[in-house]
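Below: one structure, written as structure tokens.
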Ligand code: PRX
């Protein structure tokens, strides 16, 4: 019997056991029965975490777009694949059928080919949430080009770093974007970035806001006329299972952003299978994930997972509070959304506004609610459950990462009894382990430790682009033979997992991963700054906010003046983007350091949180006196 759709808890346990007892037989069956292959694999899995090297479905040949589009044409050709809901409620929504998507993607794929993009080339996509974004992603996949989507809120410097890191030949962007009442000038951000990207040969520009923009001769072209001329026939590039499908950057605790490389077959199988089961998607449900395709959530659960299942997926261009805080609920009512997937930070921001906006809309279509990106606090969980789901729609609190490609620990809607703030049980095939400080695996329940995964799963990232050693050091060196997630977790008395948060220097602000190092580097560029350290502290809406401790130079430049705070935040906005701006800044005499010169962030974190009762032994610090002065200075 097929295990593609799990329908109750007993079945979950039974399939889970099967998936860990004999993973290769299990995944082989799922892959065989539910996907379209040009050639089947020679070997389901080979792996060695010490190298690390993982290969799924080796020898298989496929194209993911045949699975997302072609195979639906006969059975679902007229069904809506994507509902595009524009930023403004005054602009009409667009329903793109599978047939229409097919035409758009293949035309776009031909435009890429006509502009010298071939299999294996990297294409940077820097677009707002407009249909061209999903289409561009799929067009790259159609011809075997590796897409690297950069969230269109990143600054020109951040964009340039990502373009250069993987040597993109082309950038796809738009004249601008709508975000609530504002418009953003995306093309000029691209122009600035490209001053430092000599290898980019061409730029395709989608028209969205009809603004006057600068077009660089021989480099920039408007997309629409090229699409009109292009043929809508495009044979798929036949890919090997392990060929890279995309690169997506994520922040690390140190160094430059990491270009996580995802491969084709395993990613496809796992994103589709998780989508089906976590959200219990059944046709003709309408599913809406509010994330941006610039993040992994959008890749796996707006584009690939839903389309592979022939689903109808909503793409929303705007923001939750424009024109008012009822916008999400208006969209739910308008499109009769059945599954709604968002982030705790959005839930908290909406909860703060009360329930009057909810009351104006009919939310009875909602069957399943989801959350992702950061731990959800109890209050937000209950608000979501009581007021949005009316206690009838299970909440799937899905824990996963850019690196994991798909959901890892989660309830399956209607199968797994939920528990507030708990991501509950491992998904099928996932083998978590909690590790203690000595590197031993904690057995049994009611334990907490660092969260690892001990066995490969199909959608795990295969490497960091251009830096396999860093991949090994970051994820496979902390614990032998295990993938280390960077998160802490506890396992309760019944075996449910609760993610407690990052155990490294990554800070999650409004669900966005921010590494401390790039922010500190940006601050340190200011001529007055000697050094800085960033830590997170709890924030009512954002989950965490950023606290910067900044030491100024003791030369003439290093004085506090009226504009200093503004200038520092401007540097951060320029280097990374507005999402990384500091909420609090404290100018300090120095930073607490160990004798080897390492900044003691643990102490700084405690001070930022306002908990100075338990700072531990500070006497071994190189400069213990600095701690007192920082506490004093904060008051
Ligand atoms: O700390 C965990 C947190 O987000 C991190 C991954 O961030 P990113 O790669 O940007 O991917 C986010 C979307 C998948 C994790 O290491 N995180 C994600 N989901 C949850 C979570 N923390 C608690 N509960 C979650 N459901």
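Observations
- Volume per residue of the convex hull around the Cα atoms, evaluated for segment 506-634, comes out as 109 Å³.
- According to the calculation over all Cα-Cα pairs in segment 78-170, the P(r) per 10 Å bin from zero is 17, 40, 32, 11, 0 %.
- Segment 353-419 and segment 33-56: distance between their alpha carbon centers, rounded to Å: 33 Å
- Note on residue 9 and residue 181: with the Förster distance fixed at 41 Å, the Cβ-Cβ geometry gives a FRET efficiency of about 0.35.
- Fewest-first sequence of 15, 337 by Cβ atoms within 10 Å of each Cβ: 15, 337
- Segment 241-374: C-alpha gyration tensor shape, a/c 1.5 cut-off, then a/b vs b/c: oblate
- Three-way shape label, segment 402-497, alpha-carbon gyration tensor, a/c 1.5: oblate
- Rounded to two decimals, the Cα radius of gyration of segment 1-149 over 2.2 N^0.38 Å is 1.29.
- Summarising the label geometry, the points placed 7 Å from Cα in the beta-carbon direction at residue 116 and residue 43 lie 3.8 nm from one another.
- Antiparallel %, DSSP beta bridges [both residues in segment 506-634], to 5: 75 percent
- Per-pair calculated FRET efficiency, R0 = 56 Å: residue 228 and residue 595 via Cβ, rounded to 0.05: 0.25
- Judged by the mean number of other Cβ atoms found within 10 Å, the most tightly packed of the peptides 468-481, 117-130 leads the ranking 117-130, 468-481.
- Legend: P(r) of the chain from all alpha carbon pair distances, 10 Å bins from 0, whole percents, reading 3, 16, 27, 28, 18, 7, 1, 0.
- Ordering of 254-267, 192-205 by burial proxy (mean other Cβ atoms within 10 Å per residue, highest first): 254-267, 192-205
- Once both labels are positioned 7 Å from their Cα atoms along Cα-to-Cβ, the gap between residue 188 and residue 330 label points is 2.9 nm.
- The calculated 222 nm mean residue ellipticity attributable to helices in the chain amounts to -8000 deg cm²/dmol, summing -39500 (n - 2.57) over DSSP H runs of n ≥ 4 and dividing by all residues.
- Gain on full stretching of the segment that runs from residue 560 to residue 612 - 0.36 nm per residue minus C-alpha separation: 16.1 nm
- Ranking of 596, 188, 155, 174 by count of other Cβ atoms within 10 Å, fewest first: 596, 188, 155, 174
- Among 207-213, 533-539, 612-618, sorting by the average number of other beta carbon atoms lying within 10 angstrom of each residue, highest first, gives 533-539, 207-213, 612-618.
- Taking a ≥ b ≥ c as the square roots of the eigenvalues of the Cα gyration tensor, an a/c ratio of 1.5 or more together with a/b larger than b/c marks segment 346-472 as prolate.
- Residue-span extension gain [residue 438 to residue 21] - 0.36 nm each, minus C-alpha spacing: 147.3 nm
- Label reach from residue 382 (point 7 Å along Cα→C-beta): in segment 524-564, amide nitrogens under 20 Å belong to 539-543.
Every number in this text was worked out from the coordinates using simple rules, so none of it is lab data. Model, not experiment: these values are computed from the prediction. Positions of Cβ are backbone-derived with ideal geometry, glycine not excepted, and every protein chain shown enters the neighbour counts.
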